[in-house]
Amino acid sequence: MEAAVQTDQRTERIERILSAINDSDLSSIKSVVGNIIRLINNPKSTARDLKDIISIDPPLTAKILRVSNSSFYAAQTKIDDVGKAIVWVGFNTVRELALRQKACELFDRDEAIEGYRRSELWAYSVATAHFAKMIYRREFGKTGDNIYSAGLLHKIGLIAEEQFLRKAFTKILHLANSKGEHLSRIEEKVFGFNHAYLGREIARNWNLPEEIISCIAYHTNPFEAPEEHFEITAVMHVAAIQCHFAQIGYYSATLFDDELYTRCLEALNLEQESLNMIIQEGQLEIAEMLEKGAL
Amino acid sequence: MEAVVKDDTTLLLEKRIKHLENELKLTRREKDEATQKYFEFYAQMDNLVKERTAELQQTQNALEEKNRSLEDALKLVQNANAIRSGFLANISHELRTPLNAILGFSQIIYEEEKKENNGPASYIKQIIHSAHKLTDLINDLISLSKLEAGQLVLEKKEVSLGEILNTCREDLFKKIKEKNIDFKKVVPDEDPVLLIDDYHVRRIIFHLVDNALKHTTDGEIIFESKILSLSKEKATLSLSIKDSGTGIPEGHLEKIKNYLSNPPSSADVSYEGLGIGLVLCRLIADEMDGTLEIDSAVGEGTEVRLHLRNIKVVRLNASAEKTNKDSDVPEKVCRKFLVVDDTVENSILIQRFYETKGYTVWGAPSVEKGLELAKKNKPELILMDINMPGKDGYEGLRLFKSDKALAHIPIIAFSASNDNRDIEKARRAGFDEYLLKPVDFNTLDDLLHQYGGHHSEDIIPAVTKSKSSIDFSGYPLLADLVERYEQHINGPVLSEIKDTLIKVGEIVFAYKSEELAHWFEKMSKALIQFDMSYLKTQFQVLTDTYTKREK
């Protein structure tokens, strides 16, 4: 009985957050990000579809053109049109770029709360996405399109908490910092759900593919994910831990669960040395992108 | 078989190779997909280009259609213009014929009334004056319609600059006198012989001076001509007419300036408020590769400048040869002449005018009648109408010239057409001169003097001005002024020449010689008409006579 009341409260709370998101600036992110992800998952999509999606959003177009003209992509001609960007920089790259630039808007307005910074969360999300994609490609020989999108968005629940449950969020951070307890568990105590669960609800509301919803929902515990999504979710989890190792962090409180991590590595048949090789290269790539203005 | 034990490094390397193989495999696949996408993208772009091209083609077709209809409209307008021009040329021809009679008979009445000192003489003079103005207006209208239709042919002649500048219209001079205006003329020292359409240059000068006169009641008008550059081949002239009159209001001036500086092709220029004179000047100037400029300030006056470029130079100096040509032309007047014209009024008019002066004039309404009269009476000159029913003027010319007894008689074409092509045609056909209707008796007088006692083979055509030359050695009193004569040859100043002529007049009066009096009258007329070349020539003859005598 008591549990039922709690569930009702939780649902109500989440629904309030969702409608607040839909009324906020984040809704433009919802449509563009949703469209790009659908485009990625549609094998029949064309370069023109991508061009059309991006062209609707002038600030996004400007950002993409600026990044396309950065020295990282070393275009041989001035890129002044999304069509040209697709031809010169590449279809997949522009797709990724668009997604990254749009998702970046989630993390606008930098502000420090109890050791938490949006900009650091953003750096962490980009790195997670990048590492996850690399691991997925190199170790499993699979294209990392969805895993990249999932990496960028997997902390969306945290963003929502911070934006729409500001007071409680500050309290949770304070508790996590002072008690050294795992953030998810404190969230569950205070809200009745954690940020992964909230992220899942947002992702569902945004009509994202199931694979990405699973990644977001179970990135704190891949073993709870549906079997068909275990691999991708576990890779996400492992990639996030690599960020933790490399101290590309968003938050000083520990999220690391050593036992869970070891189980994931075993289940995925991954070795730390081989991961280290990938992450080393990945870090270099990220550093170059930052230096040359591609991020 | 010994199992190979791999160390950590080898294992790591193998891992690395596996990673790179995966990356390569995926990159290849993505590259293929991307290539596929590019092709699709280009195909779409290609379709887009095709669509746009089709749209453009449609637009172009529509434009071409519009162009065609515009061209049709243009043709209609051009046709209408041509019809209008033709109409104008015709109507002006028709207008000139009655004007001929009005002008002629008025002149007769005027001569008669003047003898009897009757009052109406001054009225008739007005009629004559107006008729002259009407003639000018018709000529200008024809020129205008030809210029607009692009049919005006410039008739370039060898003529000295002095000759152009010195021929100023008598009526203009009268107006200058009436209005108490100080007219100053500045003429350059050089006097080159140019190949130029002097008639039209004179028309421009006439209109510009006429405009200056219209807007100046008293004050001064300065007519200044400058040679801006002169070489053996080309000359550039600048003629400026500056008045101290009322000036042109700014708005209107702007309009005139716009009109003068616009390219000639802009057909929609409004002539409104410009006056036929200025429009004509501008169009003629265009035709001659010249430009008109205007400056004006209200209350201070107006200056109009005509620049003529690239005028062909025939000789650098005119005066040297001229004196020889003009001297020793015997003063003998042709007293018997025949007029062949189907418009009987024309013959009667000339008969009436000259018979009172002791001439014998026959009139013939047809070529046949003319031949008959000529054979019987042996006239010294024949005026031949060009447009006649039956045998026309050209046929008449052929018949007269083929008759041995009549072949020597000079024949002057007598026509109302002032089209240069007609005039040229008449000259080529063998007419000795071309006399324009309505007849100007002064011109005809000159022709009668010129052809007096001459046979056609002796005629130097195109010299219509009669030049008298008398032996001044019989009048030694005139020798006292020899220094003044020399001065006038080298640097002619109008007011000084006037003074000289007053002194000459006294001497002439003292001699009581008819020959000398006639000469003096001509000199005075030349002064009024600014005929500097005539004056210079005469002063040269005077100088030569007296300096030789002293030696």
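Would you mention how many residues in segment A:68-102 are more than 14 Å from chain B (Cβ to nearest Cβ), within 19 Å of residue A:28 (Cβ to Cβ) and of a type in the set (A, V, I, L, M)?
Adding up the residues that qualify gives 3.
Pick out the one residue from B:26, B:12, B:56 that is touching a Ser or Thr at 6+ places or on another chain (Cβ under 8 Å) and either open to solvent by 90 Å² or more (accessible area, probe 1.4 Å) or over 30 Å from residue A:40 (Cα atoms) (or both).
None of the other options fit; the residue is B:12.
Among the numbered conditions (1) away from chain A (no Cβ under 14 Å); (2) surrounded by 11 or more Cβ atoms within 10 Å (Cβ to Cβ); (3) small (Gly, Ala, Ser), tell me where residue B:34 comes up short.
Evaluating residue B:34 over (1) away from chain A (no Cβ under 14 Å); (2) surrounded by 11 or more Cβ atoms within 10 Å (Cβ to Cβ); (3) small (Gly, Ala, Ser) leaves (1) as the failure.
Please work out if residue B:84 is open to solvent by 90 Å² or more (accessible area, probe 1.4 Å), in contact (Cβ under 8 Å) with a residue 60 or more places away in the chain and in contact with a helix residue (DSSP H, G or I) (Cβ under 8 Å, 6 or more places away or on another chain).
So residue B:84 fits the description; yes.
Matching residues to (1) over 23 Å from the mean Cα position of the chain (by Cα); (2) under 18 Å from residue B:36 (Cβ atoms); (3) among the polar types (S, T, N, Q); (4) modelled with pLDDT of 85 or more:
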| position | (1), (2), (3), (4) |
| --- | --- |
| A:34 | no, no, no, yes |
| A:48 | yes, yes, no, no |
| A:65 | no, no, no, yes |
| A:68 | no, no, yes, yes |
| A:74 | yes, no, no, no |
| A:77 | yes, no, yes, no |
| A:84 | yes, no, no, no |
| A:100 | no, no, no, yes |
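For residue A:64, which of the numbered conditions (1) of a type in the set (Val, Ile, Thr); (2) over 20 Å from residue A:154 (Cβ atoms); (3) touching a residue at least 40 places away in the same chain (Cβ under 8 Å) fails to hold?
If we test residue A:64 against (1) of a type in the set (Val, Ile, Thr); (2) over 20 Å from residue A:154 (Cβ atoms); (3) touching a residue at least 40 places away in the same chain (Cβ under 8 Å), just (3) comes out false.
I need a count of the residues in segment B:192-215 that are hydrophobic (A, V, I, L, M, F, W, C) and more than 17 Å from residue B:280 (Cα to Cα).
Total meeting the criteria: 5.
Let's see how each residue does on (1) at pLDDT below 85; (2) away from chain B (no Cβ under 14 Å); (3) surrounded by fewer than 18 Cβ atoms within 10 Å (Cβ to Cβ):
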residue: A:108; (1), (2), (3): yes, yes, yes
residue: A:129; (1), (2), (3): no, yes, no
residue: A:139; (1), (2), (3): no, no, no
residue: A:147; (1), (2), (3): no, no, no
residue: A:154; (1), (2), (3): no, yes, no
residue: A:165; (1), (2), (3): no, yes, no
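With the checklist (1) within 14 Å of chain B (Cβ to nearest Cβ); (2) at pLDDT below 85; (3) open to solvent by less than 40 Å² (accessible area, probe 1.4 Å) in hand, flag the one item residue A:113 doesn't pass.
It fails just one condition, (1).
Restricting attention to segment A:227-266, which residues are loosely packed, with under 14 Cβ neighbours inside 10 Å and at pLDDT 90 or above?
Scanning segment A:227-266 gives A:227, A:228, A:262, A:266.
Give, as residue ranges, the helices (runs of 4 or more DSSP H) completely inside segment B:139-243 that count at least 3 residues that are modelled with pLDDT of 80 or more and open to solvent by 20 Å² or more (accessible area, probe 1.4 Å). Talk me through it step by step, then tell me what you get.
On the way: elements: B:161-166, B:170-178, B:198-214.
Once the helices (runs of 4 or more DSSP H) in segment B:139-243 are filtered for at least 3 residues that are modelled with pLDDT of 80 or more and open to solvent by 20 Å² or more (accessible area, probe 1.4 Å), what remains is B:198-214.
Name every residue in segment A:178-199 that is surrounded by fewer than 24 Cβ atoms within 10 Å (Cβ to Cβ) and in a helix (DSSP H, G or I), in order of residue number.
Scanning segment A:178-199 gives A:178, A:179, A:183, A:184, A:185, A:186, A:188, A:189, A:190, A:191, A:196, A:197.
Can you find a residue in segment A:131-141 that is β-branched (Val, Ile, Thr) and under 24 Å from residue A:31 (Cβ atoms)? If you could, list the steps in order and put the result at the bottom.
In the first step, residues of segment A:131-141 are kept if they are β-branched (Val, Ile, Thr); the result is A:135.
Among the residues that remain, those that are also under 24 Å from residue A:31 (Cβ atoms) are: none.
Within segment A:131-141 (the criterion being β-branched (Val, Ile, Thr) and under 24 Å from residue A:31 (Cβ atoms)), the answer is no, since none of the residues qualifies.
Name the one entry in A:62, A:103, A:123 that is in a helix (DSSP H, G or I) and open to solvent by less than 20 Å² (accessible area, probe 1.4 Å).
Result of the check over A:62, A:103, A:123: A:103.
Can you tell me which residues in segment B:72-85 are within 22 Å of residue B:137 (Cβ to Cβ) and at pLDDT 70 or above?
Those that are within 22 Å of residue B:137 (Cβ to Cβ) and at pLDDT 70 or above: B:81, B:83, B:84.
Any residue at all in segment A:22-43 that is of a type in the set (A, V, I, L, M, F, W, C), without any contact (Cβ under 8 Å) to a residue 60 or more places away in the chain and open to solvent by less than 50 Å² (accessible area, probe 1.4 Å)?
yes
Looking only at segment B:86-107, count every residue that is among the hydrophobic types (A, V, I, L, M, F, W, C), within 18 Å of residue B:443 (Cα to Cα) and modelled with pLDDT under 80 and tell me the total.
Here the count works out to 1.
Which one of these does residue B:248 not meet: (1) under 23 Å from the mean Cα position of the chain (by Cα); (2) crowded, with 16+ Cβ neighbours inside 10 Å; (3) not in a strand (DSSP E or B)?
(1)
Table: residues versus (1) assigned to a helix (DSSP H, G or I); (2) within 14 Å of another protein chain (Cβ to nearest Cβ).
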site	(1), (2)
B:6	no, yes
B:27	yes, yes
B:41	yes, yes
B:47	yes, yes
B:63	yes, no
B:80	yes, no
B:87	yes, no
B:91	yes, no
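The values are calculated or read from the model by the stated rules, or taken from the named source; none is laboratory data. Being a predicted model, the structure only gives us computed values, none of them experimental. Because the Cβ atoms are built from the backbone with ideal geometry, glycine has one as well, and the counts that use them run over all protein chains shown. With ligands, DNA and RNA removed, areas are computed over all heavy atoms of the protein, side chains included. Shrake-Rupley method; radii C 1.70, N 1.55, O 1.52, S 1.80 Å.
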